[in-house]
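Asker: Please find one structure pasted underneath; my questions will follow.
Values quoted throughout were computed directly from the atomic coordinates according to the rules given, and no laboratory measurement underlies them. The model shown is predicted, which means the values in this text are computed figures rather than measured ones. Cβ coordinates were reconstructed from backbone atoms using ideal geometry, including for glycine residues, and neighbour counts include every protein chain displayed.
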Amino acid sequence: MKTTRVVIIGGGPGGTACASTLQRLAGELDHAVHVTLLEGKQFSGEQHYNQCVGVLSPPLPALLEERLCVPFPYHLARNQIKGYVLHTLREEIALETDEGSASLSSRRVHFDAYMLEQVRARGVSVLPVRAVDMEFHADGVVVYTDNAPLEADVVVGAFGLDEGSAAMFARLTTYRPPQSLASIVTKYHPGDDGMANFGGYIHAFLPSHPRIEFGAITPKGNHLTINIAGSTVDVVLMRTFLDLPPVRRFLPDLERAGLYDPNDLRFFKGRFPRSLARGYYGDRYVMVGDAAGLVRAFKGKGVTSAVLTGIRAAETILRDGYSKNAFHQGYRFANQDIIEDLPYGRSMRSMVILLSRYGLLDPVIRAAHYNPVLRSALLDAVSAGAPYKQVWRNSLNPKVVWAVLRKMANL
């Protein structure tokens, strides 16, 4: 029996989900497979990080336990997210989640370390190296690392938005990385009383600043994670965001930053995709998660999307093959639910930006206090709880439109 050799570049949620599925499915199909996963970062001991807020949302528990046979790491949860509070400059609304659809906040580095240990336990070879070059041939792929070269039948790109890996694939294939938004992330320890007062809600902000698309404060056990996103956000804009009155209401003692942790208000920069990548599959290669741009265009839900697309890539490789046509027929078709929703997410993003710039989100929030359909649409938009096609359908309900227009007339 021929052994299918798979090299996965990246040990985040997409890479580990793909590796786990390959090992599990190979046993079911009586198909020999050898999986090698490359991850240059050291998550154990918190030596390196993936910049991510770390909110784990449904259906992630079901994906791990039912599709990967991996116990969901409830022990890593820092907070159960009870809901979201959506803020504009002058208005706010609390949006409660159902008990069965609640999210959990965790430290992303702990989740990544847990998933890597799971694949190691299943016999996946995890190498602490980086891929530095590749050669694609008719009978296989050579993957050069900063240690020893590897031979593979197919390569899975699970490297997120790592520029070095993206440039390597772009030089050798038709792959072009997705467009992205920049993100600035920091944390703040307000003390036990401060955390108790903050509660178990994620506070999402839609400021009118032309360069800040949105910001959020997320409770994470003993600290708050604060992030902003936009095309050109930087540390100056983060400081501007922290000084906004609606934000300072929930961070009243920022002057005491560092009292409980000397690393408070250190800023880190990351990115997340906002479009589909070009050429994200071809002969003997396929991208998953952020590298493919297969996430929700406005509210990413990146960990869940990475796991789901990693599973789908593995299923395509073992059931359909790893030619460009096999990925087109199997992998692309399997991801139609994400692909078809991308235009709706992009249009929602554009609409929110336009309304926030001109202060027109305030009447939307006021109308939502009295309209359950609009309130549900807002919750689905900020929590990624439903496709954006459904969010648009609920938002354009005639009763919703009329309720918003009445509030606009009172501006």
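Asker: Under a crude label model (7 Å from the Cα following the beta-carbon direction), how far is Tyr74 from Arg211 in nanometres?
Answerer: 4.5
Asker: Ok, one more. If you build a Gaussian network model of the chain, linking Cα atoms that sit under 10 Å apart, which residue out of Cys52, Cys18, Cys69 swings the most?
Answerer: Cys69
Asker: For the residues Lys301, Lys269, what sequence is obtained by ranking on other C-beta atoms within 10 Å, fewest first?
Answerer: Values: Lys301 19, Lys269 13.
Listed from fewest to most nearby Cβ atoms, that is Lys269, Lys301.
Asker: Right, something else. Using the count of nearby Cβ atoms within 10 Å as a rough guide to exposure, how do His87, His189 rank from fewest to most? Don't jump to the answer; show the numbers that get you there.
Answerer: On the way: His87 25, His189 22.
The order, fewest Cβ neighbours first, is His189, His87.
Asker: Next question. In whole percent, what relative contact order does the chain give with Cα contacts below 8 Å and a gap of six or more residues?
Answerer: 19
Asker: Compute the acute angle (0 to 90°) between the alpha-carbon long axis of helix 163-172 and the principal axis of greatest extent of the alpha-carbon atoms of the chain; round to the nearest 10°.
Answerer: In the chain, helix 163-172 runs at an angle near 50 degrees to the longest axis.
Asker: Same structure again: Among Tyr74, Tyr331, which comes first, second and so on when ranked by fewest other beta-carbon atoms within 10 Å?
Answerer: Tyr74, Tyr331
Asker: Shifting gears a bit: Quick one: of the DSSP bridges fully inside segment 1-101, what percent are antiparallel, nearest 5?
Answerer: About 45 percent, rounded to the nearest 5.
Asker: Give, in nm to one decimal, the length gained when the segment between Glu117 and Arg393 is fully stretched (0.36 nm per residue of separation minus the Cα-Cα distance). Provide the component values of the computation, followed by the final result.
Answerer: Details: separation 276, 0.36 × 276 = 99.36 nm, distance 4.23 nm.
Between Glu117 and Arg393, full extension yields an extra 95.1 nm.
Asker: Using only the alpha-carbon atoms of the chain, report the extent along each of the three principal axes, biggest first, to the nearest angstrom.
Answerer: 72, 51, 38
Asker: Here's something else I'd like to know. State, as an integer percentage, the relative contact order of segment 360-409 based on alpha-carbon contacts under 8 Å between residues 6 or more apart.
Answerer: In percent, rounded to a whole number, it is 46.
Asker: For Arg319 and Asn197, calculate 0.36 nm times their separation in residues minus their Cα-Cα distance, and state this gained length in nm to one decimal.
Answerer: Numbers: separation 122, 0.36 × 122 = 43.92 nm, distance 5.18 nm.
Between Arg319 and Asn197, full extension yields an extra 38.7 nm.
Asker: Considering the Cα trace of segment 181-272, what is its radius of gyration and what is Dmax, both in angstroms?
Answerer: Here Rg and the maximum Cα pair distance are 12.4, 35 Å.
Asker: Return the calculated 222 nm mean residue ellipticity for the chain, to the nearest 500 deg cm²/dmol, obtained by summing -39500 (n - 2.57) across DSSP H runs with n ≥ 4 and dividing by the residue count.
Answerer: -10500 deg cm²/dmol
Asker: Using a basic spin-label model with each label point 7 Å from the Cα along Cα→Cβ, how many nm lie between Leu172 and Leu29?
Answerer: 2.3
Asker: On a 0 to 90° scale, report how tilted helix 398-409 is relative to the longest principal axis of the chain, with both axes built from alpha carbons and the result rounded to the nearest 10.
Answerer: Roughly 50 degrees, rounded to the nearest 10.
Asker: Tell me which residues come under 5 Å, amide H to amide H, from His203 once H is placed; ignore anything under 5 positions away on its chain.
Answerer: Amide H neighbours of His203, under 5 Å, 5+ apart: Val85, Ile217.
Asker: Also, quick follow-up: Take the Cα radius of gyration of segment 360-409 and divide it by 2.2 N^0.38 Å, with N its residue count; two decimals is plenty. All intermediate terms of the calculation are to be shown ahead of the outcome.
Answerer: Values: Rg = 10.1 Å, N = 50, 2.2 N^0.38 = 9.7 Å.
Segment 360-409 yields a ratio of 1.04.
Asker: What do you get for the angle between helix 302-319 and the principal long axis of the chain? Use alpha-carbon atoms, 0 to 90 degrees, nearest ten.
Answerer: 30
Asker: Can you tell me the length gained on complete extension of the stretch Thr3 to Val373, counting 0.36 nm per residue apart and subtracting the Cα distance? List each step's numbers first, then the result.
Answerer: Working: separation 370, 0.36 × 370 = 133.20 nm, distance 5.29 nm.
So the extension gain works out to 127.9 nm.
Asker: Looking at the chain only, what percent of DSSP beta bridges run antiparallel? Nearest 5 please.
Answerer: Within the chain, antiparallel bridges account for around 70 percent of the total.
Asker: A further question follows. Percent of Cα-Cα pairs per 5 Å bin, from 0 to the last occupied bin, for segment 104-243, please list those.
Answerer: For segment 104-243, the binned pair fractions read 2, 8, 13, 13, 13, 13, 12, 10, 8, 5, 2, 0, 0 percent.
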